[in-house]
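Novice: My questions will all concern the structure given below.
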Amino acid sequence: MKYLLWAIGVPIGLVLVLLVVQTLAAERVEVVDLYTTDDLGEVQSTRLWVMDDEGFQYLRVGADGSAWFSRILQNSEIEVARNGITATYTVVQRLDKSDRINDMMQEKYTWGDTFFATMLGSRDGSIPLELHRVN
């Protein structure tokens, strides 16, 4: 019975530790809320990291994409909430800035960026998404 408790408790404990580390890695530095619209017309919220460079804000998606990125590709406008202000944007993919934005995000998000790169794969091929405000 004692070994059974250990066999169950250790994996559960490891999962809990991983979830805590993941949450700390993701939420300890600036995070914005991205609002996109799905096929049914419902707004979906995603929390993402953001980077400022040369007067623009940047989000970053991995080379393999994501559901939120697919929704961006389907709709011409998104909303982003940052520092209590929600604004509407269009998105421009800036593959030419991939290395620069990756380096800047590594500097800003430090070990959190390293953690996710290790868990989800490298940052090679990631796509910086430049936000252009809609007036």
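The values are calculated or read from the model by the stated rules, or taken from the named source; none is laboratory data. Computed from a predicted model, the values in this text were never measured in an experiment. Please note: Cβ atoms are built from the backbone with ideal geometry, for glycine as well, and neighbour counts cover all protein chains shown. Heavy atoms of the whole protein, side chains included, go into the accessibility calculation; ligands, DNA and RNA do not. Shrake-Rupley method; radii C 1.70, N 1.55, O 1.52, S 1.80 Å.
Novice: Can you name every residue in region 114-134 that is outside any helix (DSSP H, G or I) and among the hydroxyl-bearing types (Ser, Thr, Tyr)?
Specialist: Answer for region 114-134, where residues must be outside any helix (DSSP H, G or I) and among the hydroxyl-bearing types (Ser, Thr, Tyr): 122, 126.
Novice: Mind listing just one residue for me: the one in region 56-72 that is small (Gly, Ala, Ser) and within 19 Å of residue 106 (Cα to Cα) and, of those, least open to solvent (accessible area, probe 1.4 Å)?
Specialist: 62
Novice: Residues in region 92-129 that are buried (at least 19 other Cβ atoms within 10 Å of the Cβ) and acidic (Asp, Glu): how many?
Specialist: 1
Novice: For region 81-109, which positions are of a type outside the set (Asp, Glu) and without any contact (Cβ under 8 Å) to a residue 24 or more places away in the chain?
Specialist: Answer for region 81-109, where residues must be of a type outside the set (Asp, Glu) and without any contact (Cβ under 8 Å) to a residue 24 or more places away in the chain: 83, 84, 85, 106.
Novice: Six or more apart or on different chains, Cβ under 9 Å: which pairs go from a residue in region 124-135 that's farther than 13 Å from residue 61 by Cβ and modelled with pLDDT under 95 to one that's open to solvent by 50 Å² or more (accessible area, probe 1.4 Å) and in a strand (DSSP E or B)? Could you list them?
Specialist: Short answer, once both residue conditions are applied: none.
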